[in-house]
Amino acid sequence: MKTNKDTATVIGALLVGALAGAAVGILFAPAKGSKTRKKIKSGAKDMAFNLKRKLKGDAKDLRNQTEELVEFAAK
């Protein structure tokens, strides 16, 4: 079972990695500004999608754990 600390660590690492990647990409981008902005927008959408998917999975795990605890408490 994952703990809240593990989940927070994963989310934090994801955000830091995305920000670092975006910063490096901007600094070394050989493309025009408009193309760079499109890449950043696309990257942000991908990051949001992945984060949303991760949070949905964590919510599902939490629901399952809650159901297990309720069943255990009912015994």
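Just so it is clear, none of the values below were taken in a lab; they were calculated from the coordinates. In this text, all values refer to a predicted model and were calculated from it rather than measured experimentally. Cβ atoms come from the backbone with ideal geometry, glycine included; neighbour counts cover every protein chain shown.
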| task | Taking a cut-off of 17 Å between Cα atoms, list the lysines near Lys41, but don't count ones fewer than 8 places away on the same chain. | result | Lys32, Lys52
| message | Can you compute the label reach from Leu69? Point 7 Å from Cα along the Cβ direction, backbone N cut-off under 19 Å, restricted to segment 1-30. | response | 1-9
| request: Would you list, by chain and number, the aspartates and glutamates whose Cα falls below 20 Å from the Cα of Lys75, excluding same-chain residues fewer than 8 positions away? | output: Glu67
| query | By a straight-distance test (C-alpha under 20 Å), which aspartates and glutamates pair with Lys5 as possible cross-link partners, with residues fewer than eight away in the same chain excluded? | reply | Asp58, Asp61
| task | Among Ala8, Thr36, Ala73, pick out the residue whose Cα is farthest towards the positive end of the charge dipole of the chain, where Lys and Arg carry +1 and Asp and Glu carry -1 on C-beta, about the Cα centre. | result | Thr36
| task | On a C-alpha basis, how far is the centre of segment 1-32 from the centre of segment 33-75 in Å? Whole number, if you could? | result | 15 Å
| remark: For segment 4-74, the dipole about the Cα centre with charges only on Cβ (Lys and Arg +1, Asp and Glu -1), to the nearest 20 debye, works out at 900 debye
| task | Can you check what the Kirkwood hydrodynamic radius comes to for the chain, Cα pairs only, in Å to one decimal? | result | 14.9 Å
